[in-house]
Structure formats: structure tokens, C-alpha cells
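The values are calculated or read from the model by the stated rules, or taken from the named source; none is laboratory data. Please read these numbers as outputs of a predicted model, since none were measured by experiment. Every residue, glycine among them, receives a Cβ derived from its backbone with ideal geometry; neighbour counts consider all protein chains shown.
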Amino acid sequence: MGSFYKDGSTYRYKFIDHAGKTRKLNFGRNKPSSRERGYLDSNVTHLVSCRKNGCLIEPRVQSWLTEIHGSPVAKKLAEWGLIAMPGVSTLGEYLTWLFDQKVNHWKDAEGNAVWSPATERDCIATKNYLIEYFKEGRAIHSITPGDAEEWLQWLRSDATRSNRSAAISKHVKRVRSWFGFAARKKWIQENPFCHLPICTQVDRERILYMSPEEAESVIAHLTCDQHRLFFVLGRFGGLRLPSEVAELRWSHFDFDANTLRIPPAKTKARTMPLWPEIRDYAWSEFMAWQDDCSRADDYVIHRHRTINRDGKSVISNKIVAYMKQAMKLAGLEDFHKPMQNLRTSCENDLRLIVPEGRLTEFMGHTSKVAELHYRKTTKQEFANFASVRRMASEELECPQNSMDHKQDQHGPEMSIHGRENGFQESA
């Protein structure tokens, strides 16, 4: 409990904070009323107790903090660590602060930003949906679980472009994490989004397959060897585009042993066979790199590179735009999510010839991930299944004829019954 006193012509409020330090709030020449003094003393005492004991701030005190937001009193309380950091009380301020921390300050074990540029781009879409519905000036502690449910229903409506279940689940997952952090920091009473359901984040309808013939048609519409190699590494090598290809150097190729070492981008480094489709395009580019004395780097894809915010050399979106344009010219304008579905197409081709254990090692993911995100029955497999069923039906209808037409090493014209008669005559 604090006390009010007059220091000359200035009215002040003095109290002891959670660290045992004496703090003073200056009210100038305006004397607070008896009701205002009691209200301030009660709320500040509650804030000190919560900060000392790690308790949550009561709703009535949260309402008072909303009223004094931006005032000199609120700034002083934030400076002394009794309330949230300055500039994180409203939704817009909190999300701006959180994005700044994730991108510019917080680092992972390797010293990189917690959010990659691609992750930040996806999170911006979620942020925009929050701001569009709740508005920037909405106090974060005033968002209730009921408000969160209404926001979810709004996402599912036709008012947004992201009304697919997989996309909505990703938005909900991000928002639950963001407000969970605010709840752990004691900036809000509870996480209002924690009860929202997270459904499957896989849209099976958007898992597509590009046949080798269609891939050759796309390659024919690519006019640059670098663009062709970029496409082939994704379609016939299954590399993640563009992250793994961006880190690929000529030192990772072993043309004598026919192996290709994939540098770590999303998962750990791995080694896979240098498939013939990749070798044909990579060899010519490798010879061109050896003949070009002006190049100081050994990047496999050296065109359309840029420097990202972490100071790393990455592949720009220009090469992706050229690839999408070639797909459109090849009649594949409906080939959604080309970066992932090229890898999907490679996975579905290789699983027919490579054992499961080796395939997951080459592709850099588990069997569970492959079944959930990559595996898809192709048209050729449907045709093969139908052919096998037709042959099985014919054998069931004519079992005697199918047995008579089987041949062995005794001669192309001798059936099983003929072989038995021959054995009896020789005996």
C-alpha cells in the first residue's frame, strides 16, 4: 500500500515495488480526488502483488490499464516492470513487437533468425486476418474466447480468401502460439484461442502429380539451361525448391560415383544417387562452369541470386516465375503449389523402384510424412490395377486354359499335362 503526499506545489504518490525499491508517481499541481487516490492505490498494490507472486492481473485492473494506456502513469508502470512492455497493449502494437523480435532479435541454435523469410511471409497473412477482424487498436486482454470463436467462423466464411480447412488450421495454430506467449508473459489473463480446434493441415486435393511426359513438355518451354537444371533438380531429384537448390554447389556432385550430396536446409544433409535425368543436364552446366574463369563462386544455380536479410545468398523468385510461365505454356496452368508438387511427383515415381527405407533416406523425410503430404496414386497405377484385375478375372473364368498355356524349360509348346505324359513314357 502506498501513500499520497504534497511536495511543495506538486502532488506525488509513493509506493514500494516488487523489487523493494521506492517509486514515485508525479501528478503535478492537480490534486487527485479521494476516489481517484483510492482507485490508484488499490490497482498499483494489485500490480505489485501480481509481479511479486507471478499471479495474473484481474479483469478490473486490466480495464483500468486500458483506460490509462499511453498516459505518463502507464509509461512509468511499464518502465518499472509492473505491466507489459511499452507498446504491446493493443493488438497492432503486440504483433508489431512480436514480428520484430522473431525476425531481428531472437536467434536459433545456428545464429539465424527464428523466422525465415518464407515463414515471415506466411505469418503476415495470419497477422492481416487478425487486424482486419479485431482492428489494430483492440486491447489484447479484451479478446475473449467467444471473440476467438467468432473470428474462426469469420475465417470459414466467404469473406476471406483462406476458407480452406488446411489453411485455416495453419492460421489458428499460429495465433494460438502468439497469444500463448502473451499469456505466459502474464500480459493477458488467458489465451483466448487455446480452445480452437486444429484440423488436418493437409489438402489432399492440392497434391498433384506431373508425369515424365508433362515434365519434358515443360523443359521444352524453358529457354535457359539454368532454368532447366533448376526444374530437373526438383522434378527428377526431389530437392526442396528453392531452399536446397540454393545451397547446392558443384563440390556436392560426384560424377564418378554417381552420387549427389544434398546440403542441410530443412533437414540434415543426405546423399542420394545422381539420377540419369539430373546427370544429363548437370554435366553440361558443370563443364561450362569449369570453362568460365570469371566466376568466383561454385553455385550450381548462379543466376537470379540475391542476398536475404540474414546476409545469405539465395535464389530470387524470378526463376520460379519463369518456371510457372513454362508450365502455363505446356498446358499445366492448374498445377498448384509447383514447388512442393514437383517433389511429390519425384516421390511417386521413385517409390515404384526404390525400397521404402532407402527412399525416405534419399528424400529426407519419414514414411509418415510421405504418406500424409506426398503419396498419391497416379493414372498409370490405376491402369495397372485395372489390368491386373482383368487378368485375374480371366484366369478365374478359364482356369484350365490358363494352366494349359503355361510354358517351362521343356519347350515352348509343351504344357504341364504334356510334360507329365512325357515323363510317363520315358519311365
Qualifying residue in the range 114-125 (condition: surrounded by 15 or more Cβ atoms within 10 Å (Cβ to Cβ), in a helix (DSSP H, G or I), basic (K, R) and out of contact with any strand residue (DSSP E or B) (no Cβ under 9 Å at 6 or more places or on another chain)): no
Qualifying residue in the range 291-311 (condition: of a type in the set (F, W, Y) and under 17 Å from F231 (Cβ atoms)): yes
Subset of the range 100-113 (residues that are assigned to a helix (DSSP H, G or I), surrounded by fewer than 16 Cβ atoms within 10 Å (Cβ to Cβ) and either at pLDDT 80 or above or touching an Asp or Glu at 6+ places or on another chain (Cβ under 7 Å) (or both)): D100, Q101
Subset tally (residues that are modelled with pLDDT under 90, outside any loop (DSSP other than H, G, I, E, B) and of a type in the set (S, T, N, Q)) for the range 128-168: 2
Any hit, the range 189-201, residues being part of a helix (DSSP H, G or I) and either in contact with a Gly (Cβ under 8 Å, 6 or more places away or on another chain) or not assigned by TED's automatic domain parsing to the domain that holds H302 (or both): no
Among the residues listed as T271, T267, the single one being loosely packed, with under 15 Cβ neighbours inside 10 Å and in contact with a Gly (Cβ under 8 Å, 6 or more places away or on another chain): T267
Answer from V48, V61, V73 - the residue that is outside the structural domain of S177 (by TED's automatic domain parsing), farther than 17 Å from Q189 by Cα and modelled with pLDDT of 80 or more: V73
Selection within the range 290-319 - surrounded by 13 or more Cβ atoms within 10 Å (Cβ to Cβ), among the β-branched types (V, I, T) and at pLDDT below 90: V314
Selection within the range 249-279 - charged (D, E, K, R) and part of a strand (DSSP E or B): R249, D254, R261, R270
Filter pass, D203 being of a type in the set (D, E), surrounded by 13 or more Cβ atoms within 10 Å (Cβ to Cβ) and under 19 Å from the mean Cα position of the chain (by Cα): yes
Residue list for the range 202-225, restricted to those being touching a His at 6+ places or on another chain (Cβ under 7 Å) and at pLDDT 95 or above: none
Looking only at the range 238-262, and only at residues there that are within 27 Å of the chain's Cα centre (by Cα) and surrounded by fewer than 16 Cβ atoms within 10 Å (Cβ to Cβ), the one that is farthest from S345 (Cα to Cα): R249
Any chance A282 is small (G, A, S), outside the structural domain of L352 (by TED's automatic domain parsing), touching a residue at least 40 places away in the same chain (Cβ under 8 Å) and not in a strand (DSSP E or B): no
Where a residue in the range 35-58 is within 17 Å of E79 (Cβ to Cβ) and its partner, wherever it lies, is small (G, A, S) and modelled with pLDDT under 85, with Cβ under 8 Å and at least six apart: V44/G2; R51/G81
Index of the failed condition, S142 passing every other in (1) closer than 17 Å to F99 by Cα; (2) touching a residue at least 40 places away in the same chain (Cβ under 8 Å): (1)
Filtered residues of the range 1-44 (kept if among the hydrophobic types (A, V, I, L, M, F, W, C) and surrounded by 12 or more Cβ atoms within 10 Å (Cβ to Cβ)): F4, F15, I16, L25, F27, L40, V44
Number of the condition not met by R303 [criteria: (1) part of a loop (DSSP other than H, G, I, E, B); (2) in contact (Cβ under 8 Å) with a residue 12 or more places away in the chain; (3) over 29 Å from the mean Cα position of the chain (by Cα)]: (3)
Boolean, R389 is part of a helix (DSSP H, G or I) and under 20 Å from the mean Cα position of the chain (by Cα): no
Within the range 356-368, tally of residues that are within 17 Å of A265 (Cα to Cα) and either part of a helix (DSSP H, G or I) or of a type in the set (D, E, K, R) (or both): 4
Hits in the range 128-186 (condition: among the basic types (K, R) and farther than 27 Å from W64 by Cβ): R156, R161, R164, K170, K173, R174, R176
